[in-house]
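Enquirer: This is the structure, below, for whatever I ask next.
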Amino acid sequence: MVEIEQNILGKNDEYANANRRFFAERGVLVLNLVSSPGSGKTTLLTRTITDLRDDFDVAVIEGDQQTTNDAERIRETGVPALQINTGKGCHLDAHMVGHALEKLDPTPGGILFIENVGNLVCPAAFDLGEAHKVAILSVTEGEDKPLKYPDMFHAADLMLLNKIDLLPYLDFDVEQCIEYARRVNPRIQVLQVSATSGEGMDRWYQWIGMSRQMRLLEHPELLAGAGANA
Amino acid sequence: MHEMSLCEGVLQVLETEAGKQGFSKVKRVILDIGVLSGVEIPAFEFAFEVVMRGTLAENAVLEINELPAQAWCLMCAESVTVNARYDACPKCGSYQLQISSGDEMRIKELEVD
Ligand SMILES: Nc1nc2c(ncn2[C@@H]2O[C@H](COP(=O)(O)OP(=O)(O)OP(=O)(O)O)[C@@H](O)[C@H]2O)c(=O)[nH]1
Ligand SMILES: [Mg+2]
Ligand SMILES: [Zn+2]
């Protein structure tokens, strides 16, 4: 018998750490957006990019099992986007992201958004080297999702409660939902937004801005934002 | 969830260790899997057999130790056992729990040739 005591996802974690080093050296803030299919990740991203692209350099990695639709939606906003098709795979892994970086080459001091495959289960376990996982939950999905998929809400630092423009038409208990999320993750922050009406988006942008400042504490020369490096 | 990818993860570790430690066949794989890891044991067993076919661990026996989850209850000021992340303290009903273990996915030991 040989004792080995190794994490099953040890290989993924090694790749994730290599990505993390790359991001740290360049001062790139990386956010991994996770949610069930259709909760509004791409809609939220296109609006966010349109509102922030004058202030920051943004790049996007899009993960989907099939099609390049989402990457095309992002490119229409004018920022670089790379599509990874996972085929049968139900999540992005750190190795795929490492390869994407060779082609995408995010600008130092910029922001890289990774839209993970729509799936509330598997992406929770796969570290990509991101600074934060951001879980998006739309109010049409029901307030009990944090309890049904606890691993994802446990792994996320921020939950965006999306589609709040639809609240008047639904029987969705916002307070209960937030209470459930805190039950599985007492540290989670929650912001209520509508990616279509724009309500609440300022606070999301503030959160991004502050996370970027944290990222750039070690790179003060990059803080000025887009163009600082041109 | 992604039991196939997890088994591919196991295989990668086995292949790396085989190179380092100089063995060519794995006869038994012993894993620690915590109840909070999200792993479905029957799905994992099925995937394990499929993924190990034609590899150094073909027909290897899979042994899984299922580990319970421990949490610290702030109210009781003691460690309690829970089964899910959203469980209340089994003693006092409080949700003020800090989970300290239970999400393990570890290869513990191998029997090799
Ligand atoms: N009413 C309303 N609809 C929204 C909002 N955000 C997104 N949607 C709609 O929800 C649908 C799905 O949005 P997507 O942005 O494609 O969702 P996604 O999470 O990227 O989906 P996948 O990539 O397929 O997992 C679209 O019809 C959007 O217009 C919102 O804030 N309010
Ligand atoms: Mg999308
Ligand atoms: Zn208690």
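Enquirer: Estimate for me the total accessible surface buried between chains B and A (protein heavy atoms, probe 1.4 Å, no ligands or nucleic acids), in Å² to the nearest 100. Kindly include the intermediate steps, with their values, before the conclusion.
Expert: Values: alone 6750 and 11290 Å², together 15590 Å².
Buried surface at the B/A interface: approximately 2500 Å².
Enquirer: Additional query: In whole Å, largest first, what are the principal axis extents of the Cα atoms in the range B:2-112?
Expert: For the range B:2-112, the Cα extents along the three principal axes come out at 52, 26, 17 Å.
Enquirer: Residue farthest toward the positive end of the dipole of the protein assembly as shown, with Cβ of Lys/Arg at +1 and Asp/Glu at -1: which of B:22, A:206, B:48?
Expert: With unit charges placed on the Cβ atoms, the residue in question is A:206.
Enquirer: Using only alpha carbon pairs under 8 Å that are at least six residues apart, calculate the relative contact order of chain A and give it in whole percent. Can you show the working numbers first?
Expert: Working: 439 pairs, mean separation 57.3, N = 230.
Averaging sequence separation for qualifying contacts and normalising by length gives 25 percent for chain A.
Enquirer: Given a 1.4 Å probe and every protein chain left where it sits, what share in percent of the accessible area of the protein assembly as shown is carbon and sulfur?
Expert: On the way: 7360 of 15590 Å².
Ligands and nucleic acids excluded, carbon and sulfur give 47 percent.
Enquirer: Over 25 Å between Cα atoms, which of A:103/A:148; A:103/B:20; A:148/B:91 qualify?
Expert: Numbers: A:103/A:148 37 Å; A:103/B:20 33 Å; A:148/B:91 23 Å.
Violating the 25 Å Cα-Cα cut-off are A:103/A:148; A:103/B:20.
Enquirer: In straight Cα distance, which lysines are under 16 Å from residue A:145, not counting same-chain residues fewer than 8 positions off?
Expert: Residue A:145 reaches A:163.
Enquirer: Restricting to DSSP loop positions (anything but H, G, I, E, B) with no more than 16 other Cβ atoms inside 10 Å of their own Cβ, which trypsin sites (Lys or Arg not before Pro) remain in the range A:145-230?
Expert: Details: sites: A:148, A:163, A:182, A:183, A:187, A:203, A:212, A:215; in loops: A:163, A:187.
Those that pass, being in a loop and sparsely packed, are A:187.
Enquirer: Using only the Cα atoms of the range A:136-216, construct the convex hull and provide its projected area averaged over every direction, in square nanometres to one decimal. Don't skip to the end; give the middle numbers.
Expert: Numbers: hull surface 21.4 nm².
Here the figure is 5.3 nm², rounded to one decimal.
Enquirer: Right, another one. Within 10 Å of each candidate Cβ there may be at most 16 other Cβ atoms; applying that plus a DSSP loop requirement, which chymotrypsin sites (Phe, Trp or Tyr not before Pro) in the range B:42-93 survive?
Expert: On the way: sites: B:44, B:46, B:48, B:72, B:86; in loops: B:86.
Sparse-neighbourhood loop chymotrypsin sites (Phe, Trp or Tyr not before Pro): none present.
Enquirer: Further question on the same structure: Under the rule of -39500 (n - 2.57) per DSSP H run of 4 or more residues, summed and divided by the residues of chain B, what mean residue ellipticity at 222 nm is obtained, to the nearest 500 deg cm²/dmol?
Expert: Numbers: 2 runs with 31 residues, N = 113.
Result for chain B: -9000 deg cm²/dmol, rounded to the nearest 500.
Enquirer: Another question, if that's okay. For chain A, the longest stretch holding no GluC sites (Glu not before Pro) located in a DSSP loop with at most 15 other Cβ atoms within 10 Å is which? Working shown, then result.
Expert: Working: sites that count: A:76, A:199.
With a cap of 15 other Cβ atoms within 10 Å, the longest stretch comes to A:77-198.
Enquirer: Enter the mean projected area of the convex hull around the alpha-carbon atoms of the range A:1-127, in nm², rounded to one decimal. Present the calculation step by step, with values, prior to reporting the outcome.
Expert: Numbers: hull surface 34.9 nm².
Mean projected area of the Cα convex hull: 8.7 nm².
Enquirer: Right, next: Let me confirm one metric for peptide A:210-222, namely the mean number of other chain beta-carbon atoms within 10 Å of its residues' beta-carbons. Don't jump to the answer; show the numbers that get you there.
Expert: Details: counts 0, 0, 0, 0, 0, 0, 0, 0, 0, 0, 0, 0, 0.
Taking the mean over all residues of the peptide, I get 0.
Enquirer: Taking the Cα centre of the range A:131-230 as the origin, how large is its charge dipole in debye, to the nearest 20, when only Lys and Arg (+1) and Asp and Glu (-1) carry charge on their Cβ atoms? Write out the running numbers ahead of the final one.
Expert: Details: 10 positive and 14 negative charges, 68 e Å.
That gives the range A:131-230 a dipole magnitude of about 320 debye.
Enquirer: Got a number for the accessible area of residue B:79? Probe 1.4 Å, square angstrom, nearest 10.
Expert: Number for this one is 60 Å².
Enquirer: So what is the relative contact order for chain B, in percent, with contacts set as C-alpha pairs under 8 Å and at least six apart? Don't skip to the end; give the middle numbers.
Expert: Working: 209 pairs, mean separation 39.7, N = 113.
35 percent.
Enquirer: Check cross-link reach from residue B:27 to the lysines: straight Cα distance under 23 Å, and skip same-chain residues fewer than eight apart.
Expert: Result set, ordered by chain and number: A:11, B:108.
Enquirer: Specify the longest stretch of chain B that does not include any exposed loop site, a site being one of the GluC sites (Glu not before Pro) with a non-H, G, I, E, B DSSP assignment and at most 16 other Cβ atoms within 10 Å.
Expert: Values: sites that count: B:40, B:58.
It runs B:59-113.
Enquirer: Also, quick follow-up: Please compute, over every Cα-Cα pair in the range A:52-102, the percentage with a separation greater than 11 angstrom. It would help to have the intermediate numbers written out before the result.
Expert: Numbers: 869 of 1275 pairs.
Value for the range A:52-102 (Cα pairs over 11 Å): 68 percent.
Enquirer: Counting each DSSP H run of 4 or more residues in chain A as -39500 (n - 2.57), what helix-only mean residue ellipticity at 222 nm follows after dividing by all residues, to the nearest 500 deg cm²/dmol? Walk me through the numbers on the way to the answer.
Expert: Details: 8 runs with 83 residues, N = 230.
Rounded to the nearest 500, it is -10500 deg cm²/dmol.
Enquirer: Across the residues of A:157-170, average count of Cβ atoms on other protein chains within 10 Å? Display every interim value, and only then the final one.
Expert: On the way: counts 0, 0, 0, 0, 0, 0, 0, 0, 0, 0, 0, 0, 0, 0.
Average per residue, whole number: 0.
Enquirer: Something else: Note down the accessible area of residue B:24, probe 1.4 Å, to the nearest 10 Å².
Expert: That residue has around 90 Å² of solvent-accessible surface.
Enquirer: Let me ask another. Evaluate peptide B:38-45: per residue, the Cβ atoms of other protein chains within 10 Å of its Cβ; return the mean as an integer.
Expert: On the way: counts 8, 2, 0, 0, 0, 0, 1, 0.
Taking all residues of B:38-45 together, the mean is 1.
Enquirer: Sticking with this one: Starting from one equal scatterer on each C-alpha and no solvent at all, send me the Debye-based log10 I(q)/I(0) for chain A at q = 0.13, 0.14, 0.17 Å⁻¹, two decimals.
Expert: -0.75, -0.88, -1.29
The values are calculated or read from the model by the stated rules, or taken from the named source; none is laboratory data. Quantities reported herein were computed from a predicted structural model and do not represent experimental measurements. Virtual Cβ from ideal backbone geometry, glycine too; neighbours counted across all protein chains shown. SASA here: full protein model, heavy atoms, side chains in, ligands and nucleic acids out. Shrake-Rupley method; radii C 1.70, N 1.55, O 1.52, S 1.80 Å.
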